[in-house]
Amino acid sequence: MNASDSASPTSADTLRQIASDAVAYARKQGASACSTEVSEGFGQAVSVRHGAVETIEYNRDKGMSVSVYLGQRRGNASTSDFSTKALRDTVDAALNIARYTAEDDCAGLPDADQLATEFPDLDLYHPWKLDVEQAIALACDCERAAFRADKRIVNSEGATVNVNEGTFVQANSLGFNAGYPSSRHSVSCSVIAGKNDAMERDYWYSVARNAADILKVEEIGRIAAERTVRRLKARKLDTMQCPVLFEAPVAAGLIGHFVGAVSGGSLYRKSSFLLDHLDKPVFAPHIDLFDVPDIPRGLASSPFDSEGVRVRNRRIVEQGVLRGYFLGSYSARKLGMQTTGNAGGNHNLILRSARTRTFDELLKEMGRGLLVTELLGHGVNSVTGDYSRGAAGFWVERGEIQYPVHEITIAGNLKDMFRHIAAVGDDVLVQGSRQCGSILIEKMTVAGH
């Protein structure tokens, strides 16, 4: 079976018509306003372990979600059946829910003048014509490369090849009706080194809109192996305070905590450690942060947000100062502000620094401290900013990696951590919506045995 043969059989025009019909029916039934999203997609995942197929998974998803408004009362319902009767039943169900819902003066569609009217092609759709046999061969090549890279690789958790593509359309009663196809493909590998109580595991993966932009599978396997064997013979550390360098793959998580703190839901619920920080310093003065929705093939690129609101390039942080939030229409009204075109979250978030270094330069600048390559647990308090995570990585002396460490905890407060970023690496990874290099924090508490 070929992945492209199972791609969405419903044309974009048909999806637009379904969305338009749902909105028209809702208005006919008395809705004062209505919005809907109609989507259809396909996924194929093939996993191998020790050269044998472990799983072959297909998924075909389709659905319509509709929100209707009776004045300031909102109801929502969804269905996976595109028949006319099912669509109308879904709209009726949403209307029934709305009739019993309390009024909310912030509920409603975006303002009409906020809606997108231009829809640039961002090159987001690249079908991967990959049949199961080809996917199996790629996964086997990836895993084989990991075993071949180092004889200390003794076991495998497998290699996986994922193919995903789909189309969606959004429409509302203000006349908006637009959508686009997109794709996202990935290859990953996870292996184990050592034996008995001295075993270690690590992994690597690559993801892209276009399969041609994914790392060669042999490279993914090799990196997974190298990251695994370098963790062997890990030690524990004494409790201390020292600089901490977050390797790029985990540094992006720090930016994720910032996004959560300056997003509408956290702000209007007053559950953010960055309440009332607009136009105040939140990062070190050499840090800038940009929200960029129009990067061609970007993993978080889009011509409009999940409400149909036009998006724009924004500088969220300017020389360490917070200049903007991430708001949809509802949270913006709650805060007495305007939507920022971020219903659904951030777009491609790019961190830049006037103090950019190579990774080796970051190690030298740190001198003596902890390099973190893996984080464990969820010890982050979004209200206070208190940060405590299990970690593994490497101890650094005189600017050089000395030995691997594990079973440690790193602790601090995100407010302090952001304000005391000493430098940022140029080793930017594009594995998601948040793009940054490694991040060096001046000082944190490291708790060992």
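The values are calculated or read from the model by the stated rules, or taken from the named source; none is laboratory data. All values derive from a computational prediction rather than experimental measurement. Neighbour counts run over all protein chains shown; Cβ positions are idealised from the backbone, glycine included. These area figures cover heavy atoms from the full protein model, side chains too; ligands, DNA and RNA do not enter into them. Shrake-Rupley method; radii C 1.70, N 1.55, O 1.52, S 1.80 Å.
Just a few scattered comments:
- With the Kirkwood sum run over all distinct C-alpha pairs, the range 350-449 has a hydrodynamic radius of 14.3 Å.
- Residue-averaged [θ]222 nm for the chain, counting only DSSP H segments that reach four residues, each worth -39500 (n - 2.57): -7000 deg cm²/dmol
- Across the range 406-411, computed HN-Hα scalar couplings (Karplus, 6.51 cos²θ - 1.76 cosθ + 1.60, θ = phi - 60°) run 8, 6, 10, 10, 10, 9 Hz from first to last residue, x flagging Gly and Pro.
- Degrees between helix 84-99 axis and first principal axis of the chain (Cα, 0 to 90, nearest 10): 90 degrees
- Cα centre as origin, Lys/Arg/Asp/Glu Cβ charges: the range 40-138 dipole, Debye: 440 debye
- Leading residue at positive end of dipole, the chain (Cβ point charges), from Tyr58, Asn381, Phe147: Asn381
- Computed from phi, the 3J(HN,Hα) profile of the range 70-82 under the Karplus parametrisation 6.51, -1.76, 1.60 (θ = phi - 60°) reads 10, x, 9, 9, 10, x, 9, 8, 9, 8, 10, 10, 8 Hz, with x in place of Gly and Pro.
- Net charge over other residues, Cβ less than 11 angstrom from the Cβ of Thr160 (K, R count +1; D, E count -1): -3
- When the charge dipole of the chain is built from unit charges on Cβ atoms (+1 for Lys and Arg, -1 for Asp and Glu) and taken about the Cα centre, the candidate among Leu174, Asn96, Val38 whose Cα reaches farthest toward its positive end is Asn96.
- Summed residue charge, Cβ within 14 Å of Gly377's Cβ, Lys/Arg positive, Asp/Glu negative: -2
- Paramagnetic label reach from Met240 (point 7 Å along Cα→Cβ; backbone nitrogen cut-off under 14 Å): within the range 411-449, residues 443-449.
- Once the Cα atoms are used to define both axes, helix 132-149 deviates from the longest principal axis of the chain by about 20 degrees.
- When Rg and the Kirkwood Rh are both derived from Cα coordinates, the Rg/Rh ratio for the range 45-178 amounts to 1.20.
- Along the axis of the charge dipole computed for the range 207-262 (Cβ charges of +1 for Lys and Arg, -1 for Asp and Glu, origin at the Cα centre), the listed residues Phe246, His257, Val229 are led at the positive end by Val229.
- Against the chain, whose longest principal axis comes from its Cα atoms, helix 12-28 is set at around 50 degrees.
- Inverse of mean 1/r across different Cα pairs in the chain, Kirkwood, Å: 24.1 Å
- For the chain, modelled as a GNM whose springs connect Cα atoms under 10 angstrom apart, the maximal fluctuation among Gln435, Gln170, Gln319 occurs at Gln319.
- Bins of 10 Å, starting at 0 and running to the largest distance - Cα pair percent for the range 108-267: 9, 23, 26, 22, 13, 6, 1
- Net charge of Cβ neighbours under 9 Å - reference Leu351; Lys, Arg +1; Asp, Glu -1: +1
- Translational diffusion of the range 288-374, µm² s⁻¹ [Kirkwood Rh, Cα pairs; Stokes-Einstein; 37 °C; 0.692 mPa s]: 219 µm²/s
- Per-residue accessible area (protein heavy atoms, 1.4 Å probe) orders Lys85, Lys236 as Lys85, Lys236, starting from the largest.
- Nonlocal amide H pairs with Arg434, under 5 Å, H built at 1.01 Å: Leu349
- FRET E, pair Ile401, Gln431, Förster distance 25 Å, beta-carbon r, rounded to 0.05: 0.65
- Counting only DSSP beta bridges whose two residues both lie in the chain, roughly 90 percent are antiparallel.
- Gaussian network model of the chain, springs between alpha carbon atoms under 10 Å - residue of Gly166, Gly253, Gly308 with greatest fluctuation: Gly253
- The range 356-378 and the range 90-169 have Cα centres spaced 31 Å apart.
- Ranked packing of 106-113, 362-369, most packed first, by mean Cβ within 10 Å: 362-369, 106-113
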